Amino acid sequence: MPHDQNSPAAPPRVYRAASAPWLTGFLVILGVVAAVTGWGQNALLTVASVCCGAALAGLGYALYWRPRMEIHGFGVRIINPLRSVDIPWAQIIDVRTRFTVTVVTEGGSHSCFALPAAGPGSALRSGTQGVTRAHPLARTEGAVRTGDLAGTRSGTAANDIRTLWQRKIDTGELDVFIRDDAALEPVRVRYVPAPLAVTLALAAAGIALFVTA
């Protein structure tokens, strides 16, 4: 049974790119290989190898594992490489999937780096249920945007947000016709450059030590 997203104790629903695990794993393994390669030669090469290996692992974390979208009781949280955005349910007016999953508010749009729209191959792999008028988001001519296809990460995330948002409207928890800006909880944007900054610093240090050695 799915968790009640209104419960403070309910864990968030987390959405990452389908490629996130193996891309992160590849860079971590590559980082381990880089660190081991220079181990035991001399002090500078050893430290340089460790720095470069850590930079590769950090790059995998910062670009592929850390970016994600979460659905919480309070709303939607989008975590991108350089910033995170908390969007309360009352601020949401639309969810789009043209290029990435994008949550639209009256104050602007917030795209999720981790959830790009699915490619044309996803449409070819989808059954008729996914690409014809039977799909709930099908347009009048029967076409469905590939980003909304059932079974894709972008389509699943967007559909879950729309479903929970509509449920809150139907139960009266949200009143979309009352737009008192003073009463609405604001969208909160936080810049988090540390993961990428540390990764770049490690890479720069490793390269500098290699040149010196």
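With respect to (1) at pLDDT 95 or above; (2) not assigned by TED's automatic domain parsing to the domain that holds T152, the lone exception for A9 is condition (1). Residues in the range 38-69 that are surrounded by 15 or more Cβ atoms within 10 Å (Cβ to Cβ) and over 32 Å from the mean Cα position of the chain (by Cα) were compared, and the one that is modelled with the lowest pLDDT is G38.
The values are calculated or read from the model by the stated rules, or taken from the named source; none is laboratory data. Quick caveat, the model's predicted, so the values are computed rather than measured. Cβ atoms come from the backbone with ideal geometry, glycine included; neighbour counts cover every protein chain shown.
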